[in-house]
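Readers should treat all values here as calculations from the given coordinates under stated rules, not as data from a laboratory. Not measured: the values here are computed from a predicted model. Cβ atoms come from the backbone with ideal geometry, glycine included; neighbour counts cover every protein chain shown.
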Amino acid sequence: MKNVSLAEKMNLPWVESPFFNDLLQKKELTPEQHEMVTHYNREGFLLLRQQVSHELIDRTLQQIQNEYPAKVGEQPSRHQDLWKKYSTVREIASVPQIFDVLRLLYEREPIPFQTLNFKFGTQQRAHSDTIHFSSTPARFMCGVWVALEATNANNGPLFYYPRSQRQEEFNYFDIGIEAEENYAEYPHYEDFMEEFMEAKGYQRQEIHMEKGDVLIWSSNLVHGGMPIKGGNVTRWSQVTHYYFEGCMYYSPRFSDMFANNLNLRHVINIATGKVVQHSENGKPIETINTGSFRYAVSHNFTLPVLLKEVFKKVIGKKPF
Ligand SMILES: O=C(O)CCC(=O)C(=O)O
Ligand SMILES: [Fe+2]
């Protein structure tokens, strides 16, 4: 084997590596970049002021506003993947200077793969996005939240628990919940995360942002939305979730890793419109779509094994 250092052997984003400080010393960064990577490594998030032009935001709101009801509480208050319909949502997901920051943090090509646009605060309870989207190798995912208008104490601003990304990535399995087909189990996960943050003494922080500001959060940073206190007030915003090249991409909530059931995602790169190849340590992994999930056809899967597994998934029991 090549003579590589322990730090290089670790299949993790360098900003999440236990060898972060050693790796940092070998880099040539500007003082501004140095501050960004050390903050992200320590706190698990990065606030970037005025990254998205107001002109682009205004065009976005013009395009999407009719998709939403007039009042808080009426549905739908959120839309997933409006990028498929509106060019401006794609533009926000592909802002070049945000890509540059993500390349600095992850050292792989960013892949915007899902958008959520909100008219009102989500009032979502604390969670880590890794329960929804994860990767192997781990932590090659992040959220980028763009304020399409200012947030304040009244319109349900974001909150997060600084440094919580350092905790392990909790999957349902770890906390005694079974993989699920719908959202029935999810509140149990939320109960757990809230209790856990409290028990470990993490301090919840609320963040107020200006129109055009951007917050990047690490895959495992625990976050959510504060209650809406101000009545019928809007909180226009867009979240784009990003993966990075060269991974397998899956949904832990629907997976049972130890029963050989990985719910692999069909990932489309919003910036290019192309389907993203899953891969494992540089080797491409093909996937088979069996309806509710995708199955990996890795290089060491033989055809009989694959057929058996697909049969098991489709019919719900083993053929032999
Ligand atoms: O916008 C919010 O209030 C939270 C959104 C969120 O948690 C997410 O999109 O991952
Ligand atoms: Fe989230």
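Quote to one decimal, in nm, the extra length available between Asn152 and Val233 on full extension: 0.36 nm per residue of separation minus the C-alpha distance between them.
Value of the extension gain: 28.1 nm.
In deg cm²/dmol and to the nearest 500, what is the mean residue ellipticity at 222 nm of the chain if only DSSP H runs of at least 4 residues count, each as -39500 (n - 2.57), divided by the residue total?
-7000 deg cm²/dmol
A 27 angstrom limit on the alpha carbon distance is what I want to check against. Which of Lys84/Lys119; Lys84/Lys211; Lys85/Lys274; Lys85/Lys211; Lys71/Lys200; Lys71/Lys211 exceed it?
Listed pairs above 27 Å: Lys71/Lys200.
Measure of size requested: the Rg and Dmax of the range 42-153, with Cα atoms as the atom set and Å as the unit; please supply both.
14.9, 43
Suppose the Debye formula is applied to equal point scatterers at every Cα of the chain; what is log10 I(q)/I(0) at q = 0.06, 0.08, 0.13 Å⁻¹?
Result of the Debye calculation: -0.22, -0.39, -1.04.
Among 28-37, 202-211, what's the highest-first ranking by average C-beta atoms within 10 angstrom per residue?
202-211, 28-37
Projecting each Cα onto the charge dipole of the chain (Lys/Arg +1, Asp/Glu -1 at the beta carbon, about the Cα centre), which of Tyr86, Leu24, His54 comes out farthest on the positive side?
Tyr86
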